[in-house]
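None of the figures in this text is laboratory data; all of them are computed from the coordinates on show. Only a predicted model underlies this, so the values are computations on that prediction, with no experimental measurement involved. Cβ sites come from the backbone with ideal geometry, for glycine too, and all protein chains shown count toward neighbours.
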Amino acid sequence: MRQLCFEYFNRGGMFRWMGGGLMMLFPILLIVLIFYFFNKNDKNNNIENVTPLDILKKRYARGEITKQEFESMKKDIQ
């Protein structure tokens with residue numbers, strides 16, 4: 001019985017799936033990380049495309065500035 005138990009673990013036994021499962025997870029994890037970094041860079045590039053007028057409109061919509069301030073700053077930008 002004891003010899004049978006050792007042979008079971010020496011051949012991999014119930015722990016054999018762990019190696020295969022982990023080896024499958026590695027490429028999947030690598031692909032997910034690559035997509036994450038590419039999407040992160042795309043979001044940063046979109047920030048550069050925002051015009052000052054867009055920022056001013058967002059500030060006015062949030063209530064950070066009054067209508068008079070908005071009109072004054074809009075004239076300065078244009």
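Here Lys40 is the anchor, and the lysines within straight C-alpha reach of less than 27 Å, apart from those fewer than 8 places off in the same chain, are Lys57, Lys58.
Taking the average, over residues, of other Cβ atoms within 10 Å as the packing measure, peptides 63-74, 23-34 rank 63-74, 23-34 from highest down.
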